[in-house]
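Each reported figure results from applying straightforward, stated rules to the coordinates on display, with no laboratory input. This is a predicted model, so every value here is computed, not measured. Here the Cβ positions follow ideal geometry from the backbone for every residue, glycine too, while neighbour counts run over all protein chains shown.
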């Protein structure tokens with residue numbers, strides 16, 4: 001097992017670097033159940049009489065997304081998934097008890113990035129019961145906003161700066177929240193390196209945590225793009241789990257308490273051509289206690305305790321496609337298309353995985369998907385919660 005640790009603090013504004021490095025063995029001891037508790041543990045229930053597995057209205061209004069990947073976070077207190085649409089620059093919520101979309105129309109929308117190279121990310125902060133939006137700007141800044149579903153209000157928190165050399169584009173995984181410190185952990189890819197940062201909502205500062213063990217997929221004109229990386233947080237092991245896709249794929253864990261990276265023996269499922277993921281294709285399922293990824297129709301779960309990946313095969317007759325191209329899969333009764341750049345969100349209210357958006361390559365070019373699916377790990381089945389506005393065809 002290979003471990004590394006690099007910790008460097010950046011004073012925002014002066015960008016003063018103070019470095020320290022060491023190596024150590026990985027510690028797998030989880031934190032106490034009290035400190036590892038997340039909002040999912042305290043999640044509310046759907047009102048009596050709710051039918052969360054019944055599809056919502058098929059022609060309801062919804063965020064567009066287009067080829068700009070939608071970003072989402074689950075707010076268990078409100079029983080809604082919060083989504084910000086970068087195309088229309090609007091805030092939406094998805095009620096997981098009724099499977100309905102609602103445009104929120106807050107008084108002020110946040111000024112978030114809307115370019116494929118400068119994506120915004122959403123993450124839920126259980127301490128404040130707010131959704132945090134992080135947006136990396138073209139000038140190397142990080143803008144952070146907080147959204148309250150109950151108040152229907154966005155509040156700007158801070159605007160900080162990164163050293164330009166680490167800010168090439170936000171082609172990274174979704175951020176994760178450290179439940180112990182409340183910091184937001186962000187993985188950033190630079191022109192030749194990948195670094196891990198922590199944003200502190202209380203102080204509005206960012207701190208460089210460590211050089212992340214992300215492998216380059218090849219270099220062109222001095223730019224070495226990293227392999228697609230999916231970051232999630234395992235509250236049982238109290239570790240961030242980093243899944244590298246492509247060949248060679250690898251699994252790493254990051255100890256948020258000690259700042260130590262540890263390479264695991266288990267490799268993620270082989271995913272041919274997995275080079276266009278947006279970072280939202282991974283989440284943690286607190287019901288089955290596994291990290292779950294869904295990439296181009298290939299699903300796998302990772303158990304941090306046993307260091308084991310398991311490929312989830314489609315249920316017989318489900319029509320679940322394992323290809324990025326749609327083939328003949330056009331029936332809404334069939335499983336979800338093997339899309340890419342979708343977003344996965346764990347729904348603790350109904351103990352299921354929600355899949356939102358993404359797109360597929362058809363004979364007519366790239367086509368966006370505006371449907372919503374739910375995956376039930378207990379039965380290994382998919383349920384379409386919202387059908388696409390326009391039936392999918394390859395013609």
Can you give the FRET efficiency to the nearest 0.05 for residue 363 and residue 87, using r as the Cβ-Cβ distance and R₀ = 22 Å? 0.35
So, by mean Cβ neighbours within 10 angstrom, what's the order for 176-187, 258-269 with the highest one leading? 176-187, 258-269
Run the quick spin-label model on residue 161 and residue 389: label points 7 Å from Cα toward the beta carbon, then report their separation in nm to one decimal. 4.1 nm
Counting other beta carbons within 10 Å of each residue's own, what order do 173, 148, 232, 203 fall into, fewest first? 203, 148, 232, 173
Could you please rank 234, 307, placing first whichever residue has the fewest other Cβ atoms within 10 Å of its Cβ? 307, 234
Inter-probe distance in nm under a simple model that places probes 7 Å from Cα toward Cβ, at residue 61 and residue 258: 5.3 nm
Label residue 102 and residue 236 with points 7 Å out from Cα along Cα→Cβ: what is the distance between them in nm? 3.4 nm
Once R0 is set to 22 Å, what does the formula 1/(1 + (r/R0)^6) return for the Cβ-Cβ distance between residue 305 and residue 202, expressed as a FRET efficiency to the nearest 0.05? 0.10
List 46, 97 from most exposed to least, where exposure is judged by having the fewest other Cβ atoms within 10 Å. 46, 97
